[in-house]
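Worksheet: one structure, shown below.
Where a number appears in this text, it was derived from the coordinates with a stated rule and is not lab data. Note that the structure is predicted; figures quoted are calculated from it, not measured. A quick note on method: Cβ atoms are made from the backbone with ideal geometry, for glycine too, and the neighbour counts reach across all protein chains shown.
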Amino acid sequence: MRRYRKYRAYRNRGSERARAHIAARYELSREFGGIDREIEQFFLALQPNVLDSLLREYGEKYGVKAEVYARETYPKWRSGTVKMSGQTALRLLNLIPPHLPDERRYELFKKLRAHHIERTTITVRTDLHTWREQVEPAVASVVDRARYHNLPRRVLAKAKWLASGDMESYNRLLGRVEEEDAKLRIRLLSEELERIRYLIDSTEGKRTVRHTIRLPYGDVLVEIVGPRRGFFARFTSQPARGANMNKKDNALIRLDHEGKSVARPSENVLDAALADLTSDERARLKAKVIEERIRLDATAKEAEQRFLNSTRDMSNTLKLSQEMDRNVASDYEIRSRFETASGTTDVHIKRSKNLATIVVVVVIGIVLLVLLLR
């Protein structure tokens, strides 16, 4: 019985250690955004001669006992019969990246940086005449965060290579890329808000419009307040009904019906980023700079296509609303969402014709009462 108790106590201690190893590895992956898993995969795919050299360096850094354990356990890690502990994964997280090509380290740093971005949401309630005074400062405050973003100190303390000069260059480059990405997203913002203004002016009933500007570091939620009209004016005024919808210079529809893309000036969006790098850094990161340039060009084209698509869809929503105003006697409600160049636009149009009828009846009743009392 005493022997059984000792065995059970030993087994419990082993289970506790196993759970602690699993928890430590989970925490490491959470903190480093999963790049430890990528480094582990790289480590387990090494050729024998490269692996032998790396394990010798591992032993010099962490001790002979650690090296012997790593050599004995490597086949089990590779087969999956033994899971790598958090301690070993952290050691590899420090040991391997300096041996990786610049492009691979750049991707690891980029993924880690994105993982630690703390997104924010700023809500702005405005009208379509003074929106610039409120929206532009909110957008600028989110965009500016790209210039000053750094990894948390606790992460830098655990992985020393992240504090090297190369990583500072990567950080500057990525900051510029994110800033340019944000500029591309808001390039058509004025035109998008002009479309919304036209939509609000051309519809009746209760209109609620929310436009979300999506940026790399957060969102700016713009709640658009339509022009207020007097109580009776809401029911006596005639809807705009899109009288100018077919005019060529319409503020809402600017589509090329031949399927051609809208011509817009292109910019060398990474010139500022390249200016921040030394000639040696530019040479080593040349491939990544070209890749980021191509990606941003693609982002610009996608934004323009979303702008065209949402313009068409918003026009269709406006036509539907006006058609229902003309032909539908009962109440109606329209909800639409449009993917735009800068984010999304949510439109809610609610028309209550019954209420208008009730108001007209009440007005007639008051007039009759006045006549009878004379």
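Among the listed pairs K76/K160; K110/K183; K83/K158; K158/K183; K83/K160; K61/K110, a Cα-Cα separation exceeding 30 Å is found for K158/K183.
By the Kirkwood approach, averaging reciprocal distances over each pair of separate Cα atoms, the stretch 92-217 gets a hydrodynamic radius of 17.3 Å. Report the extension gain between K183 and R147 in nm, rounded to one decimal, defined as 0.36 nm multiplied by the number of residues separating them, less their alpha carbon distance. Extending this stretch completely gives an extra 11.6 nm. Neighbours of S85 by Cβ distance under 10 Å: Lys/Arg scored +1, Asp/Glu scored -1, total +4. The order of the peptides 56-64, 154-162 by mean Cβ neighbours within 10 Å, most packed first, is 154-162, 56-64.
Here the spin labels are modelled as points 7 Å beyond Cα on the Cα-Cβ line, and at T344 and E133 they lie 3.1 nm apart.
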